[in-house]
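Undergrad: Right, I'll just put the structure down here and ask away after.
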């Protein structure tokens, strides 16, 4: 069975994107050279229009080669550094997107004073949404800050261990690899004083005692659908300037994020197969806003305006 030109292009898109993600996530040059060899052999098969079983086998070989390489490269030995392999697997195995989610979308939908009934038509649309002034009632707005989190984790038995045992910690582009390191920074760096390295991290609240305490400071948005399901935990993101690199999220549901402090700039882009009909664009999320985005199909990157300290609470619904 031969493949069509469209299928051929889509497969090329997938392989090229795997390669770009591999490079971005730190694979060594020697590994990339091995990958290039496999990639070129795959291209020869594509050009001959081999049947789908052969093509799937080649794609699988490429993917397995990359994943195996990730597990053997020195910089990925620690558990915290294995996370990028999820992104590679996700990108390689996700179904091709229906580009209707991004056609003619050039900015987020802005909603104010939205009720559950009014939000209903947007709830599962996968379009970027900002709900203005949605979290002004949260205690977190006044009480969340670096020292509060530091005291909470230092005073709670097993708090750091909960992250070491599998709860997600994200250091993004910073040189901080554990939450213990985050809360051991000198005061000058905590405050992002002149000459200090900027920092930005995120982590899941998996410790049940901490999760119970933190949920007293914020709540699930009351405009979300009645039948929505929620995960067992939420994430906290905080820091200065550097934010997250362009990526897709390996999650099960739609994402919502409450901007507790500071502003955040989002840069979003469609998946590769939709680039010919959809657009990249940027927008700002202000304090007290909630941003909603299907981060499984919108590539996204975040940065914090210089000099501002950002704290956000992120969770999912679906």
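Undergrad: Looking only at segment 223-248, count how many residues are touching a helix residue (DSSP H, G or I) at 6+ places or on another chain (Cβ under 9 Å) and over 21 Å from residue 146 (Cβ atoms).
TA: Going through segment 223-248 one residue at a time, the tally reaches 9.
Undergrad: Follow-up. Which number in (1) in contact (Cβ under 8 Å) with a residue 40 or more places away in the chain; (2) crowded, with 17+ Cβ neighbours inside 10 Å; (3) in a loop (DSSP other than H, G, I, E, B) marks the one condition that residue 176 misses?
TA: (1)
Undergrad: Oh, and also: Conditions: (1) assigned to a loop (DSSP other than H, G, I, E, B); (2) within 21 Å of residue 296 (Cβ to Cβ); (3) within 16 Å of the chain's Cα centre (by Cα). Residue 229 meets all but one. Number of the miss?
TA: Just one mismatch for residue 229, condition (3).
Undergrad: What do you reckon, is residue 218 assigned by TED's automatic domain parsing to the domain that holds residue 295, in a loop (DSSP other than H, G, I, E, B), closer than 30 Å to residue 133 by Cβ and touching a helix residue (DSSP H, G or I) at 6+ places or on another chain (Cβ under 6 Å)? Write out each step before concluding.
TA: Working: assigned by TED's automatic domain parsing to the domain that holds residue 295: yes; in a loop (DSSP other than H, G, I, E, B): yes; closer than 30 Å to residue 133 by Cβ: yes; touching a helix residue (DSSP H, G or I) at 6+ places or on another chain (Cβ under 6 Å): yes.
Criteria met by residue 218.
Undergrad: Another question, if that's okay. Quick one: which helices (runs of 4 or more DSSP H) lie wholly within segment 100-158 and hold at least 2 residues that are surrounded by 15 or more Cβ atoms within 10 Å (Cβ to Cβ)?
TA: 140-143, 146-155
Undergrad: Does residue 167 fit the bill of being at pLDDT below 90, within 21 Å of residue 233 (Cα to Cα) and surrounded by 13 or more Cβ atoms within 10 Å (Cβ to Cβ)? If you could, list the steps in order and put the result at the bottom.
TA: Details: at pLDDT below 90: yes; within 21 Å of residue 233 (Cα to Cα): yes; surrounded by 13 or more Cβ atoms within 10 Å (Cβ to Cβ): yes.
Considered against the rule, which asks whether it is at pLDDT below 90, within 21 Å of residue 233 (Cα to Cα) and surrounded by 13 or more Cβ atoms within 10 Å (Cβ to Cβ), residue 167 comes out as yes.
The values are calculated or read from the model by the stated rules, or taken from the named source; none is laboratory data. All of these numbers come straight from a predicted model, not from anything done at the bench. All Cβ positions, even for glycine, are placed from backbone atoms using ideal geometry, and neighbour counts span all protein chains on display.
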